[in-house]
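> Please see the structure below; I have some questions.
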Amino acid sequence: MLKPVFGLDSRKLKPAGIIVKGYLMLSTNKLAALAFTAFVAFQIPAYADDAVVAKVGNLEIHQSELDLAVANLDPQLAQLPDDQKKVAALSAAIDVKLLATDATAEKLDQTDDFKKRLQYLTDRELHNAYFKKHVVDTVTDADVKARYDKEVAGLPKQEEVHARHILVKTEDEAKDVIKQLDSGKDFAELAKEKSTDPNKDDGGDLGYFTRGRMVKEFEDAAFALEKGTYSKTPVKTDFGYHVIKVEDKRDAPPPPFEQVQDQVRQLVMRDKYLALLNDAKAKSKVDIMDETLRKGYEDANKQPEPGAEPAPAPAPQQ
(Lines give C-alpha, C1' and ligand atoms only; values in the text may rest on other atoms or scores of the structure.)
Protein backbone atom coordinates (compact mmCIF):
# COMPACT_ATOMS: atom_id res chain seq x y z
CA MET A 1 0.00 0.00 0.00
CA LEU A 2 1.76 3.22 1.07
CA LYS A 3 5.07 1.51 1.70
CA PRO A 4 5.89 -2.19 1.32
CA VAL A 5 4.67 -2.81 4.88
CA PHE A 6 1.67 -0.51 4.77
CA GLY A 7 -1.47 -2.30 5.76
CA LEU A 8 0.42 -4.97 7.74
CA ASP A 9 0.07 -5.35 11.46
CA SER A 10 3.52 -4.55 12.83
CA ARG A 11 3.15 -7.52 15.15
CA LYS A 12 3.42 -9.72 12.06
CA LEU A 13 6.58 -8.05 10.78
CA LYS A 14 10.02 -9.55 11.28
CA PRO A 15 11.41 -8.33 14.63
CA ALA A 16 14.51 -6.75 13.11
CA GLY A 17 14.97 -3.79 15.43
CA ILE A 18 16.74 -5.51 18.28
CA ILE A 19 18.91 -7.51 15.92
CA VAL A 20 20.08 -4.49 13.99
CA LYS A 21 20.91 -2.74 17.22
CA GLY A 22 22.74 -5.81 18.45
CA TYR A 23 24.92 -5.89 15.36
CA LEU A 24 25.79 -2.22 15.76
CA MET A 25 27.14 -2.92 19.22
CA LEU A 26 29.59 -5.53 17.94
CA SER A 27 33.21 -5.02 16.98
CA THR A 28 33.62 -3.75 13.44
CA ASN A 29 36.30 -6.30 12.62
CA LYS A 30 34.91 -6.81 9.12
CA LEU A 31 37.07 -9.74 8.06
CA ALA A 32 36.35 -11.64 11.24
CA ALA A 33 32.66 -10.93 10.87
CA LEU A 34 32.65 -12.21 7.31
CA ALA A 35 34.56 -15.32 8.33
CA PHE A 36 32.14 -15.88 11.18
CA THR A 37 29.21 -16.15 8.79
CA ALA A 38 30.89 -19.04 7.00
CA PHE A 39 31.58 -20.97 10.18
CA VAL A 40 28.14 -20.42 11.68
CA ALA A 41 26.78 -22.05 8.53
CA PHE A 42 29.26 -24.93 8.83
CA GLN A 43 27.69 -28.02 10.36
CA ILE A 44 29.48 -30.83 12.14
CA PRO A 45 27.18 -33.84 12.61
CA ALA A 46 27.25 -35.86 15.80
CA TYR A 47 28.21 -39.49 15.24
CA ALA A 48 26.32 -41.95 17.37
CA ASP A 49 26.51 -45.07 15.20
CA ASP A 50 29.35 -45.15 12.66
CA ALA A 51 28.12 -48.22 10.85
CA VAL A 52 29.13 -49.13 7.30
CA VAL A 53 26.40 -47.93 4.92
CA ALA A 54 28.04 -48.91 1.58
CA LYS A 55 31.16 -50.45 0.05
CA VAL A 56 33.08 -49.31 -3.02
CA GLY A 57 35.43 -52.13 -3.91
CA ASN A 58 37.44 -52.73 -0.77
CA LEU A 59 36.63 -49.28 0.62
CA GLU A 60 33.87 -48.63 3.12
CA ILE A 61 31.57 -45.63 3.42
CA HIS A 62 30.60 -45.09 7.05
CA GLN A 63 27.61 -43.32 8.51
CA SER A 64 29.93 -40.48 9.59
CA GLU A 65 30.93 -39.87 5.96
CA LEU A 66 27.30 -39.93 4.87
CA ASP A 67 26.37 -37.44 7.60
CA LEU A 68 29.17 -35.13 6.45
CA ALA A 69 28.00 -35.45 2.86
CA VAL A 70 24.42 -34.60 3.88
CA ALA A 71 25.55 -31.59 5.94
CA ASN A 72 27.57 -30.20 3.05
CA LEU A 73 25.17 -30.77 0.18
CA ASP A 74 24.68 -28.03 -2.40
CA PRO A 75 22.07 -25.56 -1.03
CA GLN A 76 19.61 -26.55 -3.78
CA LEU A 77 19.83 -30.22 -2.83
CA ALA A 78 19.62 -29.33 0.84
CA GLN A 79 15.98 -28.36 0.27
CA LEU A 80 15.05 -31.94 -0.63
CA PRO A 81 13.12 -34.22 1.77
CA ASP A 82 15.39 -36.10 4.20
CA ASP A 83 15.22 -39.44 2.41
CA GLN A 84 16.09 -37.84 -0.93
CA LYS A 85 18.91 -35.86 0.68
CA LYS A 86 20.44 -39.07 2.00
CA VAL A 87 20.29 -40.67 -1.45
CA ALA A 88 21.88 -37.60 -3.05
CA ALA A 89 24.59 -37.51 -0.38
CA LEU A 90 25.30 -41.25 -0.71
CA SER A 91 25.58 -40.90 -4.48
CA ALA A 92 28.07 -38.05 -4.02
CA ALA A 93 30.07 -40.02 -1.44
CA ILE A 94 30.30 -43.04 -3.78
CA ASP A 95 31.44 -40.80 -6.65
CA VAL A 96 34.13 -39.33 -4.39
CA LYS A 97 35.40 -42.76 -3.33
CA LEU A 98 35.53 -44.01 -6.93
CA LEU A 99 37.58 -41.13 -8.29
CA ALA A 100 39.66 -40.76 -5.13
CA THR A 101 40.77 -44.37 -5.59
CA ASP A 102 41.84 -43.68 -9.16
CA ALA A 103 43.56 -40.44 -8.10
CA THR A 104 45.57 -42.28 -5.44
CA ALA A 105 46.58 -44.90 -8.00
CA GLU A 106 47.98 -42.08 -10.14
CA LYS A 107 49.76 -40.68 -7.05
CA LEU A 108 47.99 -37.35 -7.31
CA ASP A 109 48.08 -37.24 -3.52
CA GLN A 110 51.87 -36.94 -3.74
CA THR A 111 51.96 -33.74 -5.81
CA ASP A 112 53.04 -30.42 -4.28
CA ASP A 113 49.79 -28.79 -5.34
CA PHE A 114 47.71 -31.46 -3.56
CA LYS A 115 49.81 -31.23 -0.39
CA LYS A 116 49.38 -27.45 -0.25
CA ARG A 117 45.63 -27.77 -0.71
CA LEU A 118 45.45 -30.53 1.90
CA GLN A 119 47.32 -28.36 4.40
CA TYR A 120 44.90 -25.47 3.81
CA LEU A 121 41.89 -27.76 4.23
CA THR A 122 43.42 -29.26 7.38
CA ASP A 123 43.95 -25.80 8.86
CA ARG A 124 40.40 -24.81 8.00
CA GLU A 125 38.91 -27.92 9.59
CA LEU A 126 41.03 -27.40 12.71
CA HIS A 127 39.71 -23.86 12.85
CA ASN A 128 36.16 -25.21 12.60
CA ALA A 129 36.77 -27.77 15.33
CA TYR A 130 38.24 -25.09 17.61
CA PHE A 131 35.32 -22.79 16.83
CA LYS A 132 32.83 -25.51 17.73
CA LYS A 133 34.61 -26.41 20.98
CA HIS A 134 35.23 -22.88 22.26
CA VAL A 135 32.27 -21.00 20.79
CA VAL A 136 29.29 -23.11 19.71
CA ASP A 137 29.50 -25.62 22.56
CA THR A 138 30.06 -22.95 25.24
CA VAL A 139 27.00 -20.78 24.57
CA THR A 140 24.23 -21.54 27.07
CA ASP A 141 20.57 -20.64 27.05
CA ALA A 142 21.31 -18.36 30.01
CA ASP A 143 23.92 -16.50 27.92
CA VAL A 144 21.38 -15.93 25.17
CA LYS A 145 18.66 -14.74 27.56
CA ALA A 146 21.10 -12.38 29.29
CA ARG A 147 22.12 -10.87 25.94
CA TYR A 148 18.46 -10.46 24.96
CA ASP A 149 17.70 -8.70 28.27
CA LYS A 150 20.68 -6.39 27.75
CA GLU A 151 19.57 -5.46 24.25
CA VAL A 152 15.97 -4.89 25.33
CA ALA A 153 17.09 -2.67 28.22
CA GLY A 154 19.13 -0.54 25.80
CA LEU A 155 16.38 -0.07 23.22
CA PRO A 156 15.11 3.52 22.97
CA LYS A 157 11.40 3.98 23.55
CA GLN A 158 9.40 4.23 20.33
CA GLU A 159 5.81 5.41 20.19
CA GLU A 160 3.51 3.41 17.99
CA VAL A 161 -0.09 3.87 17.03
CA HIS A 162 -2.87 1.44 16.21
CA ALA A 163 -4.83 2.99 13.37
CA ARG A 164 -7.54 2.35 10.83
CA HIS A 165 -8.04 4.19 7.57
CA ILE A 166 -10.53 4.63 4.77
CA LEU A 167 -8.98 5.23 1.35
CA VAL A 168 -10.98 6.86 -1.44
CA LYS A 169 -10.12 8.38 -4.81
CA THR A 170 -11.32 11.97 -4.42
CA GLU A 171 -11.31 14.69 -1.77
CA ASP A 172 -15.07 15.04 -2.01
CA GLU A 173 -15.52 11.34 -1.25
CA ALA A 174 -13.25 11.69 1.78
CA LYS A 175 -15.21 14.71 3.02
CA ASP A 176 -18.44 12.75 2.65
CA VAL A 177 -16.92 9.91 4.73
CA ILE A 178 -16.04 12.43 7.47
CA LYS A 179 -19.59 13.77 7.45
CA GLN A 180 -20.96 10.26 7.92
CA LEU A 181 -18.54 9.68 10.80
CA ASP A 182 -19.63 12.97 12.37
CA SER A 183 -23.22 11.77 12.18
CA GLY A 184 -22.30 8.64 14.17
CA LYS A 185 -21.51 6.05 11.48
CA ASP A 186 -19.17 3.28 12.68
CA PHE A 187 -15.65 3.70 11.27
CA ALA A 188 -14.99 0.00 10.63
CA GLU A 189 -18.33 -0.51 8.91
CA LEU A 190 -17.80 2.58 6.77
CA ALA A 191 -14.35 1.30 5.79
CA LYS A 192 -15.87 -1.98 4.60
CA GLU A 193 -18.39 -0.04 2.53
CA LYS A 194 -16.30 2.82 1.12
CA SER A 195 -12.56 2.06 1.27
CA THR A 196 -10.61 1.01 -1.84
CA ASP A 197 -7.72 -0.41 0.18
CA PRO A 198 -7.34 -4.24 0.18
CA ASN A 199 -7.69 -4.28 3.99
CA LYS A 200 -11.23 -2.89 3.80
CA ASP A 201 -12.64 -6.25 4.91
CA ASP A 202 -10.74 -5.78 8.20
CA GLY A 203 -12.45 -2.45 8.71
CA GLY A 204 -9.37 -0.59 7.47
CA ASP A 205 -7.31 -1.96 10.37
CA LEU A 206 -3.57 -1.28 9.97
CA GLY A 207 -2.53 -2.67 13.33
CA TYR A 208 0.28 -1.00 15.30
CA PHE A 209 3.10 0.81 13.51
CA THR A 210 5.99 3.07 14.45
CA ARG A 211 7.33 6.12 12.65
CA GLY A 212 9.03 5.32 9.38
CA ARG A 213 6.54 2.62 8.38
CA MET A 214 4.20 4.89 6.43
CA VAL A 215 4.62 7.67 3.89
CA LYS A 216 5.21 11.01 5.57
CA GLU A 217 1.80 12.62 4.95
CA PHE A 218 -0.05 9.63 6.40
CA GLU A 219 2.39 9.21 9.28
CA ASP A 220 2.29 12.88 10.32
CA ALA A 221 -1.50 12.85 10.40
CA ALA A 222 -1.75 9.56 12.32
CA PHE A 223 0.73 10.49 15.04
CA ALA A 224 -0.87 13.94 15.46
CA LEU A 225 -4.27 12.42 16.32
CA GLU A 226 -5.32 11.64 19.86
CA LYS A 227 -6.42 8.15 20.83
CA GLY A 228 -10.02 7.52 19.78
CA THR A 229 -10.19 10.41 17.28
CA TYR A 230 -10.28 10.53 13.50
CA SER A 231 -8.98 13.06 10.99
CA LYS A 232 -11.41 15.94 10.37
CA THR A 233 -9.87 16.81 7.00
CA PRO A 234 -8.83 14.40 4.21
CA VAL A 235 -5.18 13.29 4.18
CA LYS A 236 -3.79 13.29 0.65
CA THR A 237 -1.06 10.89 -0.49
CA ASP A 238 -0.01 9.48 -3.86
CA PHE A 239 -2.58 6.72 -3.31
CA GLY A 240 -5.60 8.92 -2.86
CA TYR A 241 -7.38 10.53 0.08
CA HIS A 242 -7.44 8.98 3.54
CA VAL A 243 -9.57 9.34 6.62
CA ILE A 244 -7.60 8.03 9.60
CA LYS A 245 -8.73 6.89 13.03
CA VAL A 246 -6.29 6.21 15.89
CA GLU A 247 -7.50 3.36 18.08
CA ASP A 248 -4.57 3.33 20.52
CA LYS A 249 -1.12 4.74 21.29
CA ARG A 250 1.63 3.01 23.26
CA ASP A 251 5.38 2.43 23.56
CA ALA A 252 6.39 -0.25 21.08
CA PRO A 253 7.06 -3.54 22.91
CA PRO A 254 10.30 -5.43 22.17
CA PRO A 255 10.09 -8.58 20.05
CA PRO A 256 9.37 -11.67 22.17
CA PHE A 257 12.43 -13.68 23.18
CA GLU A 258 11.07 -16.78 21.46
CA GLN A 259 10.99 -14.95 18.13
CA VAL A 260 14.57 -13.70 18.17
CA GLN A 261 16.50 -16.15 20.34
CA ASP A 262 18.24 -17.77 17.36
CA GLN A 263 19.49 -14.41 16.11
CA VAL A 264 20.56 -13.39 19.60
CA ARG A 265 22.43 -16.68 20.01
CA GLN A 266 24.43 -15.82 16.91
CA LEU A 267 25.28 -12.43 18.41
CA VAL A 268 26.65 -14.16 21.49
CA MET A 269 28.67 -16.55 19.32
CA ARG A 270 29.96 -13.62 17.27
CA ASP A 271 31.27 -11.93 20.43
CA LYS A 272 32.97 -15.09 21.60
CA TYR A 273 34.52 -15.67 18.17
CA LEU A 274 35.94 -12.15 17.97
CA ALA A 275 37.32 -12.48 21.50
CA LEU A 276 39.11 -15.70 20.49
CA LEU A 277 40.60 -13.97 17.46
CA ASN A 278 41.76 -10.96 19.48
CA ASP A 279 43.49 -13.26 21.97
CA ALA A 280 45.15 -15.22 19.18
CA LYS A 281 46.36 -12.03 17.45
CA ALA A 282 47.83 -10.80 20.73
CA LYS A 283 50.00 -13.93 20.87
CA SER A 284 51.19 -13.92 17.26
CA LYS A 285 52.41 -11.01 15.15
CA VAL A 286 50.82 -10.79 11.70
CA ASP A 287 53.18 -9.61 8.91
CA ILE A 288 51.75 -9.00 5.43
CA MET A 289 54.42 -8.43 2.80
CA ASP A 290 52.30 -6.97 -0.01
CA GLU A 291 51.67 -3.28 0.76
CA THR A 292 48.21 -3.17 -0.84
CA LEU A 293 47.07 -6.31 0.97
CA ARG A 294 48.53 -5.05 4.24
CA LYS A 295 46.67 -1.73 4.02
CA GLY A 296 43.44 -3.46 3.04
CA TYR A 297 43.76 -5.88 5.96
CA GLU A 298 44.47 -3.09 8.44
CA ASP A 299 41.55 -0.99 7.18
CA ALA A 300 39.17 -3.95 7.40
CA ASN A 301 40.28 -4.70 10.97
CA LYS A 302 40.43 -1.10 12.16
CA GLN A 303 38.63 -0.36 15.41
CA PRO A 304 36.25 2.64 15.48
CA GLU A 305 37.31 5.93 17.04
CA PRO A 306 36.00 6.49 20.59
CA GLY A 307 32.47 7.83 20.39
CA ALA A 308 32.12 7.02 16.70
CA GLU A 309 29.05 5.18 15.53
CA PRO A 310 30.14 1.65 14.58
CA ALA A 311 29.24 0.24 11.21
CA PRO A 312 26.77 -2.66 11.14
CA ALA A 313 28.28 -6.12 10.94
CA PRO A 314 27.03 -8.55 8.30
CA ALA A 315 24.08 -10.64 9.32
CA PRO A 316 24.84 -14.28 10.08
CA GLN A 317 23.77 -16.75 7.44
CA GLN A 318 20.99 -19.12 8.40
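> Of everything in region 227-254, what is closer than 28 Å to G154 by Cα and more than 32 Å from the chain's Cα centre (by Cα)? Give them in sequence order.
K227 - this is the single residue of region 227-254 that is closer than 28 Å to G154 by Cα and more than 32 Å from the chain's Cα centre (by Cα).
> So, restricting to strands (runs of 3 or more DSSP E) that lie completely within region 129-246, which ones have at least 3 residues that are of a type outside the set (V, I, T)?
On the way: elements: 159-168, 205-210, 235-237.
Per the criteria, 159-168, 205-210.
> Given the structure, is D186 in contact (Cβ under 8 Å) with a residue 24 or more places away in the chain and over 30 Å from D141 (Cα atoms)?
Values: in contact (Cβ under 8 Å) with a residue 24 or more places away in the chain: no; over 30 Å from D141 (Cα atoms): yes.
Against the criterion (in contact (Cβ under 8 Å) with a residue 24 or more places away in the chain and over 30 Å from D141 (Cα atoms)), D186 does not qualify.
> Oh, and also: Every residue in region 96-107 that is of a type outside the set (A, V, I, L, M, F, W, C) and either surrounded by 12 or more Cβ atoms within 10 Å (Cβ to Cβ) or not in a helix (DSSP H, G or I) (or both), please.
Initially, region 96-107 is screened for residues of a type outside the set (A, V, I, L, M, F, W, C), giving 97, 101-102, 104, 106-107.
Residues satisfying the conditions are K97, T101, E106, K107.
> Condition first: more than 19 Å from D238 (Cα to Cα), over 28 Å from the mean Cα position of the chain (by Cα) and basic (K, R). Now tell me which residues in region 152-205 satisfy that.
K179, K185, K192, listed by residue number.
> Right, another one. Within the group L73, L80, L66, which residue is modelled with pLDDT under 90, closer than 22 Å to N128 by Cα and surrounded by 11 or more Cβ atoms within 10 Å (Cβ to Cβ)?
That would be L73, the only listed residue that is modelled with pLDDT under 90, closer than 22 Å to N128 by Cα and surrounded by 11 or more Cβ atoms within 10 Å (Cβ to Cβ).
> Could you check, for region 98-106, whether at least one of its residues is among the aliphatic types (A, V, I, L, M) and touching a residue at least 40 places away in the same chain (Cβ under 8 Å)?
yes
> Quick check on L126: is it part of a helix (DSSP H, G or I) and farther than 30 Å from Y273 by Cβ?
When the stated conditions are applied, L126 does not pass them.
> Quick one: how many residues across region 192-235 are within 15 Å of I166 (Cα to Cα) and of a type in the set (K, R)?
4
> If Q266 meets every condition in (1) closer than 30 Å to V139 by Cβ; (2) part of a strand (DSSP E or B) apart from one, which number is that one?
Single failed check for Q266: (2).
> Still on this model: Under 6 Å between Cβ atoms, at least 6 apart or on separate chains: pull out the pairs that start in region 119-142 with a residue that is surrounded by 10 or more Cβ atoms within 10 Å (Cβ to Cβ) and end on any residue that is at pLDDT below 95 and not in a helix (DSSP H, G or I).
N128/F42; K132/I44
The values are calculated or read from the model by the stated rules, or taken from the named source; none is laboratory data. Predicted model only: the values in this text are computed from it and were never measured. Using ideal geometry, Cβ is built from the backbone for each residue, glycine included, and neighbour counts are taken over all protein chains shown.
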